[in-house]
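Notes follow the structure.
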Amino acid sequence: SQDYINNVSTTGAYVDISNLNTGCNGSSPNNTTFFQNNPLSVFVSQGFTLSMQSGSTWSQGFRVWIDWNGDGDFLDSDEMVYASPSASTGLFTAPITVPSSAISGVTRMRIVCAYNTIPVNNPCGTDISYGETEDYPVKIYKNDFDISLIGSTNSCSDDSTKFAASINRAFNSYKWYRNDVLIAGANTSTYIPTQNGTYYASI
């Protein structure tokens, strides 16, 4: 029907996303696509700008939700973060600030467009006859601690760098991730990796 989200991008985030000229590519229900390989990374209390635009044929209105507390829904009072003022084929921009209460880790953002109207405040509705839904992963980082390398050695046997990393403040709990996967049992302030990968910590 040419009712779709064509462009989504951000500026000012820790790691921005740019997902342009995607056309209509969703599946049922409500033409929904989860762009798992387009993660947005932000810090708590950071501001960034989200931009979105429909295709050029039919005007679309937009609404956006982010699951700040990571509980698997968009129903909390601060999780509806933007509603467009009108429907248009033009570019909409939304200034968004990550709340101080946001939980660190990987969560989700949902963007919904609807033909010639602003989508109702129902992130899981199935009553949009013309439109599209796009979901994106969002990595939330706390910005009140640093991770420091406290030593490293090179191992010739597997051509990897082994290091110890430490969080410089005391918190009640720690979580370490490798390639976005939670490492079971890695819940202390210091972690020594056992294999190659991209690591980060959350609290």
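Summarising the amide proton neighbourhood of Ser88: residues at separation of 5 or more, or on other chains, whose placed amide H is nearer than 5 Å comprise Gln60, Gly61. The candidates Leu20, Leu50, arranged from most to least accessible area with a 1.4 Å probe in the full protein assembly, appear as Leu20, Leu50.
Sorted on the mean count of surrounding Cβ atoms within 10 Å across their residues, most packed first, peptides 70-78, 33-41 read 33-41, 70-78. Residues Thr117, Thr22, sorted by accessible area with the largest first, give Thr117, Thr22 [1.4 Å probe; ligands and nucleic acids excluded]. Here the calculated FRET efficiency for Leu20 and Ala184, from their Cβ-Cβ distance with R0 = 41 Å, stands at 0.65, rounded to the nearest 0.05.
Each residue of segment 121-127 is assigned a 3J(HN,Hα), and the resulting list reads 7, 9, x, 10, x, 10, 10 Hz, derived from the Karplus form 6.51 cos²θ - 1.76 cosθ + 1.60 (θ = phi - 60°), x at Gly and Pro. You can think of it this way: the chain between Leu91 and Asn116 has 7.5 nm of extra reach, that is 0.36 nm per residue less the Cα-Cα gap. For the set Ile17, Ile192, Ile128, the ranking by accessible area, highest first and with no ligand, DNA or RNA atoms included, is Ile192, Ile128, Ile17 under a 1.4 Å probe.
The values are calculated or read from the model by the stated rules, or taken from the named source; none is laboratory data. What you are looking at is a predicted structure, and each value in this text was computed from that prediction instead of being measured. We place every Cβ from the backbone using ideal geometry, glycine too, and count neighbours over all the protein chains shown. All accessible areas refer to the heavy atoms of the entire protein, side chains included, with ligands and DNA or RNA removed. Shrake-Rupley method; radii C 1.70, N 1.55, O 1.52, S 1.80 Å.
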